[in-house]
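Worksheet: the structure to be examined is printed underneath.
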Amino acid sequence: MGAGLISGAVVHHPMDPTRYSMIAAAGAAVFLVATVLNEIVLTSEKPTPGKTLRMLGTSTMLSFGLGMLSGGMQHFADLPDRCSVLIPLGIVLSFVAYVLKEDKTPWRRIFGLMGLTVLVAAVLTFAGLRHIAPGVSESGGGHSHGDAVTEKGTEEGHDGGGSSTADPDAPADPTSRPTTPTSGTHPAEDPDHQDGHHH
């Protein structure tokens, strides 16, 4: 739940920074509470204060890394430029946070072969996403939060304009019928007659 709240907040943060900062903080708090319950309260062996602080810090990093990764993947079609940065950052941040949290010798793994592999994967991911991002932007893929309002307004506009299709069973409008002058009326004597000159 914490990572889910953060994933939405990091993607939509530019739209409303105050609102989504609060959502991200709530997601981090949920993640930390779950970590404290799992790693401190419910365990028989209590960690030292130093290990507890490291656990809380790395759990916060991990929550944001997972949030960047999952949020970027879900919303890439909507915000390709932003998500092409969030996804590789999420990969690197999640890896570093997990290794710092779980490994007894984290720096060897971070700066070793595994760390290099993750870094190369993140760079290739960034390059690939940046390459396809312009095409996604031009095609207008994904959904926009304003689409529903626009479509609703368009439908209302069509409804308000009425239908131009006439009912075949409806009687003809008498006012639409052309009036034919009678044989006894001369065009010059007709008060409604116009000779084509408009003054």
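A few remarks follow.
- Counting protein heavy atoms only, segment 32-80 has 70 percent of its accessible area on carbon and sulfur, 1.4 angstrom probe.
- Sites residue 54 and residue 114 - FRET efficiency at Förster radius 30 Å, r taken between beta-carbons, to 0.05: 0.90
- If R0 is 30 Å, the Cβ-Cβ spacing of residue 36 and residue 137 corresponds to a FRET efficiency of close to 0.10.
- Estimated inter-spin distance, residue 1 and residue 16, nm [label 7 Å along Cα→Cβ]: 2.1
The values are calculated or read from the model by the stated rules, or taken from the named source; none is laboratory data. Note that the structure is a prediction, hence the values are computed from the model and not measured. Ideal geometry is used to build each Cβ from the backbone, glycine not excepted, and the neighbour counts take in all protein chains shown. The area values use the complete protein model at the heavy-atom level, side chains included, leaving out ligands, DNA and RNA. Shrake-Rupley method; radii C 1.70, N 1.55, O 1.52, S 1.80 Å.
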